[in-house]
1. If each of residue 269 and residue 191 carries a label point 7 Å out from its Cα toward its Cβ, how far apart are those two points in nm?
2. Once the Cβ-Cβ distance between residue 325 and residue 109 is put in as r, and R0 is 51 Å, what FRET efficiency do you end up with, to the nearest 0.05?
3. Give the ranking of 272, 490, 334 by solvent-accessible surface, highest area first, calculated with a 1.4 Å probe.
4. Looking at the square roots a ≥ b ≥ c of the eigenvalues of the Cα gyration tensor of the chain, which shape do they give, rounded for a/c under 1.5, prolate if a/b is larger than b/c, or oblate?
5. Whole number please: convex hull volume per residue, Cα atoms of the stretch 44-157, in Å³.
6. How big is the convex hull of the Cα atoms of the stretch 189-247, per residue, in Å³?
7. Taking the Cα centre of the stretch 151-222 as the origin, how large is its charge dipole in debye, to the nearest 20, when only Lys and Arg (+1) and Asp and Glu (-1) carry charge on their Cβ atoms?
8. Taking the full set of protein chains and a 1.4 angstrom probe, give the accessible area of residue 225 in square angstrom, rounded to the nearest 10.
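The values are calculated or read from the model by the stated rules, or taken from the named source; none is laboratory data. These numbers were taken from a predicted model, which means no experiment stands behind them. Cβ placement follows ideal geometry from the backbone for every residue including glycine, while neighbour counts extend to all protein chains displayed. The accessibility values were calculated without ligands, DNA or RNA, using every heavy atom of the protein model including side chains. Shrake-Rupley method; radii C 1.70, N 1.55, O 1.52, S 1.80 Å.
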Amino acid sequence: MVIAVRSLGLSGITGYEVSAECFLSGGLPAFDVVGLPDAAVREARERVRAAVKNCGAKFPVSRITVNLAPAGQKKAGTVYDLPIFVGILAANGDLDPPPADAAFLGELSLTGALRPVTGVLPMAMAAREAGVRQLFVPSENAAEATLAGGLTVYGVPDVAALVAHLKGEVPLRPVSPWKQAGEESGFPDLQDVMGQENVKRALEIAAAGGHNLLLIGSPGSGKSMLAKRLPSILPELTEREALESSAIWSVAGMTDPRRPLLTRRPFRSPHHTASAAALTGGGPLMRPGEMSLAHNGVLFLDELPEFRRDVLEAMRQPLEDGAVTVARAGGTLHLPARFQLVCAMNPCRCGWRGHPSGRCRCSDREVEKYVEKISGPLLDRIDLHVNVPSVEYEMMRRRKPAESSAAVKRRVDAARAIQARRFAGSDTACNAQMAPAQIKAFCPLDAAGDALMKSAFQRMGLTARSHDKVLRLARTIADLEGEADISAAHLAEAIQYRNTDILKG
């Protein structure tokens, strides 16, 4: 008799249904797992054998064959321990076949306790789409599984409790849907930054339209400090965005069991020694990289020229498409990667080019060589290029408090509300994501604006991409002021943020 137990698996960050088919037959005792299992799946044999014995059942002395279907797709991880356990007991007659609408996943310890696994949220969402109504998961993963909705989730502490439930002896209690209790600790506040009003204005524009930002200044001018305060003025995650980001973090094993849903926009800041694979994703387990972990949030690259050239160039396509495709010998991985790029860099290798102290001794050629690490195509994809000057002493001693992040966020939220009405019914979430047709429809210029744009295009040598980015930026500036039309003043402010001469000191 073959017993099929429903379970789930992961392909990248997407869940799919897996059937664990267990068959007991005569012959010499053996335990085989087929269906393209990896080493962790094959090792389930020993974990299941010990768990069966430690829960008081008798392990069948026969030939056991477990097929994980679809057999042509590679299976990885320890998630199949629990369905194999249930299938063997049911095939041996110790349990009735599980309900047709039930699915099981989880890792077993040798004592029969269940350990948490990664990727439960996307697997629970796949279970819901596949018609599963009862989902049995490790207790620590139960809150995360409830986020999928439409499922009765049971948190299983150990196999003894599961067996008692399936036999109808001691039913498990369904887990209540997870709800956030209290507010998470906030991000650092812009009020801490003294001076730098022009940079704060650029941050506000970047947050209002979802634009990419490059900060250039000498050491200690506040570049990193300002960048780390950008999330404090970004709009809250929508429900769809929160689920998307939480699913990615779940696959990466980075969710908190007590707070499985991301309620704040991600902020990722990889070190400049990170590899291209660390940013794009992939690796032996085909896991998401930093660009995907920053999906719907901010990717901050401090000391931009110190990153390897291949690492920086790997961002060019995701910045355009909002997704990254990783092709490896082990398969192809499609990952969402719609993030807001924020970069910080010094104007030269020593860092003091243009500083009032005059301590820089770098030659013009050395400065050019330093900034040449940033390619033109990558720079063209960054909307705002902002100079961060050194802070004056009077600003450091100022007693009057600066404007708080909460005040700036109110203006950003108002601008985003305008954009939400403008792009209703489309996949566009903010001005930075406007397609060419939308730019043509929502960014018309009057005669003065058109003359200014033509002059800037010819004088600054703008590309077609940077032309569109200026228009998107001008649209955001107009939204911040509540204006329906883009004026020449809005366009002039947008153009000044395309000045790449600051890269030359």
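1. Modelled inter-label distance: 2.1 nm.
2. My answer for the efficiency is 0.85.
3. Accessible-area ranking of 272, 490, 334, largest first: 334, 272, 490.
4. prolate
5. 103 Å³
6. Spread over its residues, the Cα hull of the stretch 189-247 gives 102 Å³ apiece.
7. 280 debye
8. Spelled out: residue 225, probe radius 1.4 Å, area about 80 Å².
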